[in-house]
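S.K.: Have a look at the structure that comes next, please.
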Amino acid sequence: MRLLPNSAVARRIIQSRFYDEHSFPKGEASEADKQAYHRAVVQATGEWIKRWPDDEHSWSSRVYSLMGLEKVSNVEVEAAYNAYAKAHDRGGASYSIPPLEIGVARFYLTHNFHLANVPDLILKGLAEIDQIEKSTGQSDLYPRPAGVDEGGNLKFIRLDSWPLLAEAYARLKQPAKALAVLAQLADITTPKKSSGSLSDAETRSAAYDQAVYWRAVGKVADIEQRKLDALTAYQIALALRLTPEKGKDELSDNTQRLWKELGGTDQGWKAYLARNEVSKTKFASAELATWDSKNTELPEFDLTDLEGRKWSLADLKGKVAFINFWATWCGPCRAELPYVQKLREQLKDRKDVVILTLNTDEEIGKVEPFMKENKFTFPVLLGQAYADSQGINSIPRNWVVSLDGKIMFEGIGFGNEDEEWMKRAAQLIEKVKGAN
């Protein structure tokens, strides 16, 4: 590093050292901690880009943290993104999920800045991920159901970005384009099976998808001043979502605003909320009463973790095991893993419980950097072949295993449960422990 202070190796060492010393605030971190982190990143990247002006990683990190600051100049975000785009277009190979362009588009919409640029930003991000998904190819372990639109990261990103695209077209007074986007969103959020044939996890996922759709419908109608249409759509979205938004609840606020604008009273609003909560409690209880019950033998395994330790069924003897299947490319897995980490921290002193994860990446070289980047410390067994042998074709997936080695519960998928996911996982662990 002394001989080549501006080399790529030196850059990687400096950046790695910085992120080792400045981990992103997680969980219930205060807003002050988050703001301090973003200020530190902006300061560090300011130094990095002086030495490596074409480093897209430095620019992308700068853009994310600028957008995370409470007080920031729109022009400063625009300049940083344009510099990132130039570095990326010159041959950069990195990408993020969701794409950086989606985050910038959301920032522009929120700040009413360069609205005309928003559709192109979103479409550029989607096109790049689409190309990456197609170039990755089909996997025997993870077959893509009914085409690329139906699974993988692309659907996850479309659920995130198409509502923004519809909103942008509505605000640009292009109603036909907004309607076309809503039609596409309806297609990917409408369950392809009857409600009676859906599992608990599929029902929850369908409810989440439909809440995204109806919220987008409401937003477009709201912008177009179709207030009654907007109110109805927002109410459907509120009824479908299982957990409220963290921080400012924009959906609830917009619904209440329209309720009052259309002549509704505070008393009537409280009555609506009470009815909605009763309905939601019944729905949530039905969906959360159990994961899918299994009561099947956990197959033998002989796997190695990232530390080189060998694991087998014998290592779980006398313990309730919580086993999570995941991959670095899986969007819902990435959303779920911070809660797996929190669950492990919550139970780390228990001698009768073990939290394990089985990674199913084919490119195992991606796993350790991913773990370090996210500061995850749970055990990771390299289990791609094992998952294949068990016919596992969808992730994330969780097993709760009894003291005598039986899979008692299986949960598939991760919606918007957040802390409720942790609460339910802990309850199932205790239930299985108490049954032995």
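The values are calculated or read from the model by the stated rules, or taken from the named source; none is laboratory data. Remember, predicted model here, so these are calculated numbers, not experimental data. Quick reminder, even Gly has a Cβ in these numbers, built from the backbone with ideal geometry, and neighbours come from all protein chains shown.
S.K.: For residue 330, only one of the following conditions fails: (1) surrounded by 19 or more Cβ atoms within 10 Å (Cβ to Cβ); (2) closer than 23 Å to residue 394 by Cβ; (3) modelled with pLDDT of 85 or more. What is its number?
M.R.: (3)
S.K.: Here's a follow-up. Of these, 382, 358, 347, 403, which one is surrounded by 18 or more Cβ atoms within 10 Å (Cβ to Cβ) and over 24 Å from residue 243 (Cα atoms)? Let's see the steps before the verdict.
M.R.: Values: 382 fails: surrounded by 18 or more Cβ atoms within 10 Å (Cβ to Cβ); 347 fails: surrounded by 18 or more Cβ atoms within 10 Å (Cβ to Cβ); 403 fails: surrounded by 18 or more Cβ atoms within 10 Å (Cβ to Cβ).
Checking each option against the conditions leaves just 358.
S.K.: Cβ-Cβ distance below 7 Å, separation of 6 or more or different chains: which pairs start in the range 97-108 with a residue that is among the hydroxyl-bearing types (Ser, Thr, Tyr) and end on one that is buried (at least 22 other Cβ atoms within 10 Å of the Cβ)?
M.R.: Qualifying pairs under 7 Å: 108/118.
S.K.: Among the residues of the range 301-327, write down those that are closer than 20 Å to residue 390 by Cα, out of contact with any Ser or Thr (no Cβ under 7 Å at 6 or more places or on another chain) and outside any strand (DSSP E or B).
M.R.: If the condition is that a residue be closer than 20 Å to residue 390 by Cα, out of contact with any Ser or Thr (no Cβ under 7 Å at 6 or more places or on another chain) and outside any strand (DSSP E or B), then 313, 314, 315, 316 are the ones that fit.
S.K.: Regarding the range 419-432, can at least one residue be identified that is in contact with a Phe, Trp or Tyr (Cβ under 8 Å, 6 or more places away or on another chain), modelled with pLDDT under 90, in a loop (DSSP other than H, G, I, E, B) and surrounded by 14 or more Cβ atoms within 10 Å (Cβ to Cβ)?
M.R.: No, there is no match, as no residue in the range 419-432 is in contact with a Phe, Trp or Tyr (Cβ under 8 Å, 6 or more places away or on another chain), modelled with pLDDT under 90, in a loop (DSSP other than H, G, I, E, B) and surrounded by 14 or more Cβ atoms within 10 Å (Cβ to Cβ).
S.K.: Being closer than 30 Å to residue 17 by Cβ and either out of contact with any Pro (no Cβ under 8 Å at 6 or more places or on another chain) or modelled with pLDDT of 90 or more (or both): is that true of residue 377 here? Steps first, please.
M.R.: Details: closer than 30 Å to residue 17 by Cβ: yes; either out of contact with any Pro (no Cβ under 8 Å at 6 or more places or on another chain) or modelled with pLDDT of 90 or more (or both): yes.
Against the criterion (closer than 30 Å to residue 17 by Cβ and either out of contact with any Pro (no Cβ under 8 Å at 6 or more places or on another chain) or modelled with pLDDT of 90 or more (or both)), residue 377 qualifies.
S.K.: Are any residues in the range 333-361 more than 20 Å from residue 392 (Cα to Cα), out of contact with any Asp or Glu (no Cβ under 8 Å at 6 or more places or on another chain) and part of a helix (DSSP H, G or I), and if so, which ones?
M.R.: Of everything in the range 333-361, those that are more than 20 Å from residue 392 (Cα to Cα), out of contact with any Asp or Glu (no Cβ under 8 Å at 6 or more places or on another chain) and part of a helix (DSSP H, G or I) turn out to be 338, 341, 342, 343, 344, 345, 346, 347.
S.K.: Check the range 334-344 and report whether any residue there is of a type outside the set (Gly, Ala, Ser), modelled with pLDDT under 90, crowded, with 17+ Cβ neighbours inside 10 Å and on the phi < 0 side of the Ramachandran plot. Full working, then the answer.
M.R.: So in the range 334-344, the residues of a type outside the set (Gly, Ala, Ser) come out as 334, 336-344.
Then keep just the ones that are modelled with pLDDT under 90; that gives 334, 336.
Narrowing the set further to residues that are crowded, with 17+ Cβ neighbours inside 10 Å leaves 334, 336.
Now restrict to residues that are on the phi < 0 side of the Ramachandran plot: 334, 336.
Yes, because at least one residue in the range 334-344 is of a type outside the set (Gly, Ala, Ser), modelled with pLDDT under 90, crowded, with 17+ Cβ neighbours inside 10 Å and on the phi < 0 side of the Ramachandran plot.
S.K.: Within the range 112-156, work out how many residues are modelled with pLDDT of 95 or more, within 22 Å of the chain's Cα centre (by Cα) and exposed (fewer than 12 other Cβ atoms within 10 Å of the Cβ).
M.R.: 0
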